[in-house]
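First the structure, then my questions, so here it is.
The values are calculated or read from the model by the stated rules, or taken from the named source; none is laboratory data. Note that the structure is predicted; figures quoted are calculated from it, not measured. Don't worry about glycine lacking a Cβ; one is built from the backbone with ideal geometry, like all the others, and counts go over all protein chains shown. The accessibility values were calculated without ligands, DNA or RNA, using every heavy atom of the protein model including side chains. Shrake-Rupley method; radii C 1.70, N 1.55, O 1.52, S 1.80 Å.
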Amino acid sequence: MLIRNILAFVAAGALTALAAPSVQAQSWDMPTAYAPANFHTANIERFAAGVKQATSGKLSLKVHSGASLYKMPEIKRAVQSGQVPIGEVLMVTLANENALYAVDGLPFLASSYTDARKLWAAQRPYIDRMLDAQGLRLLFAVPWPPQGLLTAKEVGSAADLQGLNFRAYDKQTSRVGELIKARPVTIQAAEVAQALATGKINSLISSAQSGVDYKVWESLKFFYDVQAWLPKNMVIVNKAAFAALDKGTQDALLAEAKKAEEAGWTSSREVAEATKKTLADNGMKVLAPSPKLVADFNRIGKQLADEWLAGAGPDGKSIVEAYQK
Ligand code: PCA
C-alpha cells in the first residue's frame with residue numbers, strides 16, 4: 001500500500017515535470033565564445049533580456065560566455081545537431097565549409113562600418129541559404145571593430161613582422177601570417193591571454209576591443225590602427241527548436257534579433273573608439289600604420305582576395321559585384 005502510494009506520487013511528479021516545458025517557461029542554453037565584458041556578449045545579454053520580456057518569460061536564454069559551455073569551433077555543430085538550440089559563432093572561421101562565410105575577412109574590401117554594412121547586405125542572402133540547408137537559421141550578425149595589428153615591437157613594414165609568433169583566428173589571418181613570413185598559430189580568443197603571457201605569441205591582428213579583453217598591454221606595446229576588415233559574429237538558431245516555439249514566441253525572437261543587430265552595430269562603432277583609448281590608457285602606443293605597412297597590407301590583401309575569389313566561385317563574384325555596385 002505504502003509502496004503503491006509512493007509510486008503514484010513519483011509518477012504524478014514525473015508527469016508534471018514532463019508537461020512543464022511545453023506549457024510553461026522554456027530556458028535555452030546559449031553558448032558564446034567571448035569575454036563577459038565584451039560588447040558582443042553585452043549585446044547578447046540584452047537580446048536575452050529582451051526575449052524574456054517580450055515573451056513574458058515563456059522563453060529565456062541562458063548565456064554561457066567565454067567558451068564556457070562549448071569552444072567556439074564547436075558551437076555551430078552543437079546548434080546544428082540540436083545539443084543546444086542557439087549560439088554565437090565567428091563567421092570567418094567557417095571558411096573551410098564555404099568561402100562565402102569569409103568575405104568579411106578580406107583585407108581592405110570593406111574596412112569602414114558603412115562599407116561593412118553594404119557588404120553584409122550583399123553577403124546575407126547566401127549565409128541565410130547555406131544555414132537553412134543545414135537546419136539552421138540566422139538570427140543576427142554584428143561586426144567586430146576594425147582589425148588592427150598588435151605587436152611587442154615597433155613595426156614599419158611587413159618585413160618587420162618576419163619570424164614573429166603570430167596569432168591567427170581563421171584561415172585568412174593564418175594566410176596573412178604566412179605571407180608576412182611570420183609563424184602563424186591558430187588560437188581561440190578564450191586562450192589568447194594565456195598564449196601572450198607564456199610568450200607563445202607576440203603579435204596578432206584583432207580589434208582594440210579584443211586587445212582590451214586580452215589585456216594585451218601586459219605583454220605588447222603597439223596597436224597599429226590598420227582598419228583592415230570587420231569580421232562578424234553571427235547568432236544562429238536550430239530550425240527544429242525554432243519551429244517548436246509557438247508563433248508568438250517565434251515572432252518575438254525574430255523581432256528581438258532585429259533589434260539586437262541594430263544595437264550591436266551601434267555599440268561596435270562606439271567601442272571601436274573607446275577601446276583604443278583603453279589601450280592607450282594602459283600604456284600602449286596607438287598609432288596609424290606607416291604608408292609602407294599599409295602598402296604591404298594592400299599587396300597581401302590583393303593576393304588574399306584573388307585566392308578567395310578562386311575558391312568562392314560565381315557566388316563569391318556575385319557578392320563582391322553586388323557590394324561594389
Ligand atoms: N576579435 C576576435 C575576432 C576578431 C576580433 O576582433 C578574436 O580575436 O578572436
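Among the helices (runs of 4 or more DSSP H) confined wholly to region 226-325, which include 1 or more residues that are acidic (Asp, Glu)? Before you say what the answer is, go through the steps one by one.
Numbers: elements: 239-243, 247-281, 291-324.
Here the list reads 247-281, 291-324.
Next question. Can you list residue pairs whose Cβ atoms sit under 8 Å apart, with the first residue in region 166-192 being within 22 Å of Gly66 (Cα to Cα) and touching a residue at least 60 places away in the same chain (Cβ under 8 Å) and the second being more than 13 Å from the ligand (Cβ to nearest atom) and not in a loop (DSSP other than H, G, I, E, B)? Count only pairs 6 or more apart in sequence or on different chains.
Thr173/Pro184
Taking Gly82 as the residue in question, decide whether it is in a loop (DSSP other than H, G, I, E, B) and more than 16 Å from the ligand (Cβ to nearest atom). Full working, then the answer.
Working: in a loop (DSSP other than H, G, I, E, B): yes; more than 16 Å from the ligand (Cβ to nearest atom): yes.
So Gly82 passes the test.
Give region 169-215 a look and list any residue that's open to solvent by less than 40 Å² (accessible area, probe 1.4 Å), assigned to a strand (DSSP E or B) and within 11 Å of the ligand (Cβ to nearest atom), or say none.
Matches in region 169-215: Leu204, Ile205, Ser206.
Can you spot a residue in region 122-142 that is within 16 Å of the ligand (Cβ to nearest atom), open to solvent by less than 10 Å² (accessible area, probe 1.4 Å) and in a loop (DSSP other than H, G, I, E, B)? Even if it seems obvious, please write down each step before you answer.
Step one: filter region 122-142 for residues within 16 Å of the ligand (Cβ to nearest atom), giving 141-142.
Filter again for open to solvent by less than 10 Å² (accessible area, probe 1.4 Å), leaving 141-142.
This time we only want the ones that are in a loop (DSSP other than H, G, I, E, B), so: none.
No, every residue in region 122-142 fails to be within 16 Å of the ligand (Cβ to nearest atom), open to solvent by less than 10 Å² (accessible area, probe 1.4 Å) and in a loop (DSSP other than H, G, I, E, B).
Yes/no per residue for (1) at pLDDT 95 or above; (2) open to solvent by 20 Å² or more (accessible area, probe 1.4 Å); (3) of a type outside the set (Lys, Arg); (4) within 23 Å of Asp246 (Cα to Cα):
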residue	(1), (2), (3), (4)
Met1	no, yes, yes, no
Arg4	no, yes, no, no
Gly13	no, yes, yes, no
Ala20	no, yes, yes, yes
Ala33	yes, no, yes, no
Ala37	yes, yes, yes, no
His40	yes, no, yes, no
Ile44	yes, no, yes, yes
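Out of Ser112, Ser27, which single residue is open to solvent by 40 Å² or more (accessible area, probe 1.4 Å), farther than 22 Å from Thr266 by Cα and away from the ligand (no atom under 14 Å from the Cβ)?
That would be Ser27, the only listed residue that is open to solvent by 40 Å² or more (accessible area, probe 1.4 Å), farther than 22 Å from Thr266 by Cα and away from the ligand (no atom under 14 Å from the Cβ).
Do any residues in region 267-285 that are more than 23 Å from Gly156 (Cα to Cα) and open to solvent by 60 Å² or more (accessible area, probe 1.4 Å) have Cβ atoms under 7 Å from those of residues that are at pLDDT 95 or above and not polar (S, T, N, Q), where the two are at least six apart or on different chains, and which pairs are they?
As it stands, the answer is Arg269/Tyr113, since those pairs meet every condition given.
Among the candidates Ala272, Ala228, Ala280, Ala260, single out the residue that is over 17 Å from the mean Cα position of the chain (by Cα) and among the hydrophobic types (A, V, I, L, M, F, W, C).
Ala280
In addition: Between Ala102, Ala67, which is in contact (Cβ under 8 Å) with a residue 40 or more places away in the chain, closer than 23 Å to Ser207 by Cα and open to solvent by 20 Å² or more (accessible area, probe 1.4 Å)?
Working: Ala102 fails: open to solvent by 20 Å² or more (accessible area, probe 1.4 Å).
Only one candidate passes the filter, namely Ala67.
Residue-wise test of (1) farther than 22 Å from Gly316 by Cβ; (2) touching an Asp or Glu at 6+ places or on another chain (Cβ under 9 Å).
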{"site": "Leu59", "(1), (2)": "yes, no"}
{"site": "Leu69", "(1), (2)": "yes, yes"}
{"site": "Ser81", "(1), (2)": "yes, no"}
{"site": "Leu90", "(1), (2)": "no, yes"}
{"site": "Ser112", "(1), (2)": "no, no"}
{"site": "Ala133", "(1), (2)": "no, no"}
{"site": "Ala141", "(1), (2)": "no, yes"}
{"site": "Gly156", "(1), (2)": "yes, no"}
{"site": "Asp160", "(1), (2)": "yes, yes"}
